[in-house]
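The values are calculated or read from the model by the stated rules, or taken from the named source; none is laboratory data. What you are looking at is a predicted structure, and each value in this text was computed from that prediction instead of being measured. All Cβ positions, even for glycine, are placed from backbone atoms using ideal geometry, and neighbour counts span all protein chains on display.
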Amino acid sequence: MTGRSGLLGLDARVVRRARRLADKAAAPVVELARTHTTVSVERAVLRLAGLQGADAEGIPWVNRLTDAVRADVGLEQGVALPVFDALLTGDHADLAALAQKAAAGGVTFRLPSGRAATSARAAARRATRGGIATIDRNRRDRDRLLRRLGDPPKPWIYLIVATGDIHEDIPQAQAAARAGADIIAVIRSTGQSLLDYVPEGATREGFAGTYATQENFRLMRAALDETSRELGRYVRLTNYASGLCMPEIAVLAGLERLDMMLNDCMYGIIFRDINPQRTFIDQRFSRQIHARAGIVINTGEDNYLTTADAVDAAHTVIVSQLLNERFALEAGLEDWQLGLGHAFEINPALPEQFRLELAHAQLVRELFPNAPLKYMPPTKHMTGNVFFGYLLDAFFNLAGVLTKQEIILVGMMTEGIVTPFLSDRDLALENVRYVRDACAGLTEDFVPTPDGFIAQRARQVLGESVELLERIADEGLFEAIADGTFGVTRRPVDGGRGLDGVVRREDGYYNPALEILEPEAAG
Amino acid sequence: MSHVRAYGDTTGDGMVQLSFTLPIPAGPKADAAAALFAKKMGLDPALVVHAKGVGDTFTFFVVYGRSPVIIDLDEVMVVEREFALLTPKEVNLEIRSRLRRRLVVVGATVGTDAHTVGLDAILNVKGFAGEKGLESYREIRVVNLGAQVGADDLVRRAAAEGADAVLVSQVVTQRDAHLHHVREVADALDAHWPPGRPRPLLLVGGPRFDPAAAADLGADRVFAKGTTPAEVASYLVHELTLARR
């Protein structure tokens, strides 16, 4: 591809250069992820192998077992070999029984060698294949349901529920689906991303959201399956993989047939002060699982614009999207699985605000033509004037339709004021439906003037993105993050939460999940 | 004129508009129920101008009506914060122009308390209630020590970082642990703060604290449930750049 393309006349050489730079910036980080593991990656392996449940204090058995193994022999060779060696050589009914005994200090783990290692490896492989087989079966089930019930047309309408109580969430989610939502996202309890374990069971108490647990996932998916059949269209379910337990939550999402997951390469680092190394290692494994499960990831670039100015920081969104794309493709995700995020957050008091928004949205559309982009509504400039907020949301919906955004998060006029009323949600859906239907086909009339304001602004943002990528590729991504390039915070490579859960892999490291997920790399 | 009524388009008309949802199916009975509801709120006449079913079991209404309420402006009381609520930009500007260096905040949950939800809501960039946390302020340097920090460790670290303020968050209240832990920090500040340097402000937050009990705890300020980062930032600016000068 040469010359200028699309409605914006982007220079194909500049686009190629941006991708090459993103590749270069990502390479050392990928190398780190390939040579390290984390406590959460290892716990995810145990979850794939079938270990569930928690002790009386609510700490999952995967945590207890991983901690016990780490105390005896470390995790440098992975958790699988010592665990399955103990299971084969000791008198334990199953992994749960082993975990209970280990937590009580009744098991001494060793690193098996020779024939013991061969047997342990075979047993670990067999057990892990069971988990992967469930994920594969869920993916086939989803495909079958999409064929039988029907896949709603794009843009998909994305709605949030967040009561804190899964049994309240379910009727709200079903009502939202009946009112037109194609995707239901269950917001997590504040602070779950900083827990170094995944809570267990059905939960009825959360802070401004509902805990992500395997049982909550199962309950909500079952309820939405029922509603999907009733409506004759498949309603997708979304949750959040971000935080200290990305790999494990990705596994649980695959096991319970979630359809989308929030999974950003830098969100946890910037906004939650999670250690950068921990985040990138966890992220890679979690995305490998998402790739296998046929899950669409949603990235979190919209967050940068809630912190920084949406005009000044427009290029940081593009840079982050290119990095997210690079990391995602490397982990095995395909273009159709990349719900790259961005947002309508330019100050409405700014002259030509809407033209600027169109320029940014169209730029993202043309840079990622095969990705189902996720477009986020205004939040920063929702002031409490719900009437103006409703108007602003309509302009957001219009920008989304005009620039063919595919996942449209429904804006609430009460954003930032109160938890949306039932009626707020209904009005918001009416807004989206009106704009979508009234402007159906309007895209064919949306032809920005060549070299006009929109085209020039888009090219300017792309140019600034390339400049920033040059700096990052040069300095290193970790250094850029430590310098405060994204968001506004500085996050040093050895700072933040969860670094103590990072372990360098040694020769002989064995991970039965990776053996299945990346057969070409298995030694 | 100290007596006023709501204003629609003519002085004294008392016209207001409101919207609400009732958990009943749409239909003539729902419309009548909405009119009665509005009437019981005091609107007379009450005009149900819009009714729309939301699902099978709810109806949303828009009502215009005349309110008989007359208020005497002399009776209106305004509770004033002793400090002005500033925007992040104003906070940064105040710090830059008056303090002439970054303001340093050291935060932790102390003792046995492992809950960092409140602390992170105030400090993390992610913030709380749509407001970014203190980390997002260019002129504030945040050192978030996380959970279960000892009082002496907290004070040592605060001294090393040159803290202007120490934030202590406590959620667990069993056997008044939250009160006990705050007093520990206050005592440690008194005992171990390097002489000759201004003692940092001690700010306390958590769902079960009484804002009036600051002095009793040895703290400078207690923030109750629902406090946002901007309130904390505005207070810090007020105390450190204005009140102390």
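Identify all residues within region A:236-277 that are in a helix (DSSP H, G or I) and either closer than 19 Å to A:Asp141 by Cα or modelled with pLDDT of 95 or more (or both); write none if there are none. Within region A:236-277, A:Met246, A:Pro247, A:Glu248, A:Ile249, A:Ala250, A:Val251, A:Leu252, A:Ala253, A:Gly254, A:Leu255, A:Pro276, A:Gln277 meet the criteria.
Under 24 Å from A:Val502 (Cα atoms), without any contact (Cβ under 8 Å) to a residue 24 or more places away in the chain and assigned to a helix (DSSP H, G or I) - does that describe any residue in region A:30-49? Checked against the condition, which is being under 24 Å from A:Val502 (Cα atoms), without any contact (Cβ under 8 Å) to a residue 24 or more places away in the chain and assigned to a helix (DSSP H, G or I), region A:30-49 yields at least one hit.
So that you can scan it fast, the table gives a plain yes or no per residue for (1) more than 14 Å from chain B (Cβ to nearest Cβ); (2) in a helix (DSSP H, G or I); (3) over 30 Å from A:Pro153 (Cβ atoms):
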| site | (1), (2), (3) |
| --- | --- |
| A:Asn431 | no, yes, no |
| A:Asp451 | yes, no, yes |
| A:Val466 | yes, yes, yes |
| A:Ala473 | yes, yes, yes |
| A:Ile481 | no, yes, yes |
| A:Phe486 | no, no, yes |
| A:Thr489 | no, no, yes |
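Among residues of region A:269-298 that are within 14 Å of chain B (Cβ to nearest Cβ), those with a beta-carbon under 6 Å from a residue that is of a type in the set (Gly, Ala, Ser) at least six positions away or on a different chain give the pairs A:Ile270/A:Gly487; A:Arg272/A:Ser193; A:Asp273/A:Gly496; A:Ile274/A:Gly268; A:Ile274/A:Gly496; A:Ile274/A:Gly498; A:Asn275/A:Gly496; A:Asn275/A:Gly498. Of the candidates A:Arg204, A:Arg178, the single residue that is touching a helix residue (DSSP H, G or I) at 6+ places or on another chain (Cβ under 8 Å), at pLDDT below 95 and within 14 Å of chain B (Cβ to nearest Cβ) is A:Arg178.
A single member of B:Gly118, B:Gly130 is out of contact with any Lys or Arg (no Cβ under 7 Å at 6 or more places or on another chain), free of Cβ contacts under 8 Å to residues at least 40 places away in the same chain and not polar (S, T, N, Q), and it is B:Gly130. Filter region B:107-125 down to residues that are in contact with a strand residue (DSSP E or B) (Cβ under 8 Å, 6 or more places away or on another chain), at the interface with chain A (Cβ under 10 Å from one of its Cβ atoms) and outside any helix (DSSP H, G or I) and give me whichever is farthest from A:Ile270 (Cα to Cα). The residue in question is B:His115. Flag: A:Ala328 matches the condition of being under 30 Å from A:Leu477 (Cβ atoms) and touching a residue at least 24 places away in the same chain (Cβ under 8 Å). Within region A:73-93, being buried (at least 23 other Cβ atoms within 10 Å of the Cβ), of a type outside the set (Gly, Ala, Ser) and not in a helix (DSSP H, G or I) holds for A:Leu75, A:Val79.
Residue count for region B:50-94 satisfying the condition of being within 13 Å of another protein chain (Cβ to nearest Cβ), assigned to a loop (DSSP other than H, G, I, E, B) and not hydroxyl-bearing (Ser, Thr, Tyr): 2.
Look at (1) out of contact with any Pro (no Cβ under 7 Å at 6 or more places or on another chain); (2) surrounded by 12 or more Cβ atoms within 10 Å (Cβ to Cβ) and you find that B:Ser97 fails only one, number (2).
From the set of residues in region B:52-76 that are exposed (fewer than 10 other Cβ atoms within 10 Å of the Cβ) and aliphatic (A, V, I, L, M), which is modelled with the highest pLDDT? The residue in question is B:Leu73.
So for region A:299-309 (the condition being surrounded by fewer than 24 Cβ atoms within 10 Å (Cβ to Cβ) and part of a loop (DSSP other than H, G, I, E, B)), does at least one residue qualify? Scanning region A:299-309, I find at least one residue that is surrounded by fewer than 24 Cβ atoms within 10 Å (Cβ to Cβ) and part of a loop (DSSP other than H, G, I, E, B), so the answer is yes.
Taken over region B:170-189, the criterion of being in contact (Cβ under 8 Å) with a residue 40 or more places away in the chain and either touching a Leu at 6+ places or on another chain (Cβ under 6 Å) or crowded, with 20+ Cβ neighbours inside 10 Å (or both) is satisfied by B:Gln170, B:His178, B:His181, B:Val182, B:Val185.
Hey, does region A:285-297 have a residue that's part of a strand (DSSP E or B), at pLDDT 95 or above and not assigned by TED's automatic domain parsing to the domain that holds A:Asp169? So far as region A:285-297 goes, yes, one or more of its residues are part of a strand (DSSP E or B), at pLDDT 95 or above and not assigned by TED's automatic domain parsing to the domain that holds A:Asp169.
Of all residues in region A:395-427, those being in a helix (DSSP H, G or I) and either within 12 Å of another protein chain (Cβ to nearest Cβ) or at pLDDT below 90 (or both) number 6.
Annotation: of all residues in region A:375-394 being in contact with a helix residue (DSSP H, G or I) (Cβ under 6 Å, 6 or more places away or on another chain) and more than 14 Å from every other protein chain (Cβ to nearest Cβ), the one that is nearest to A:Asn303 (Cα to Cα) is A:Tyr375. On the stretch given as region B:5-24, residues that are on the phi < 0 side of the Ramachandran plot and surrounded by fewer than 14 Cβ atoms within 10 Å (Cβ to Cβ) total 7.
Among the helices (runs of 4 or more DSSP H) confined to region B:126-241, the ones with at least 3 residues that are farther than 24 Å from A:Gly495 by Cα and of a type outside the set (Lys, Arg) are located at B:177-192, B:214-217, B:229-237. Residues of region A:319-367 that are β-branched (Val, Ile, Thr) and closer than 24 Å to A:Phe285 by Cα: A:Val319 alone.
In region A:478-500, of all residues being more than 16 Å from B:Val143 (Cα to Cα) and within 20 Å of the chain's Cα centre (by Cα), the one that is modelled with the highest pLDDT corresponds to A:Gly498.
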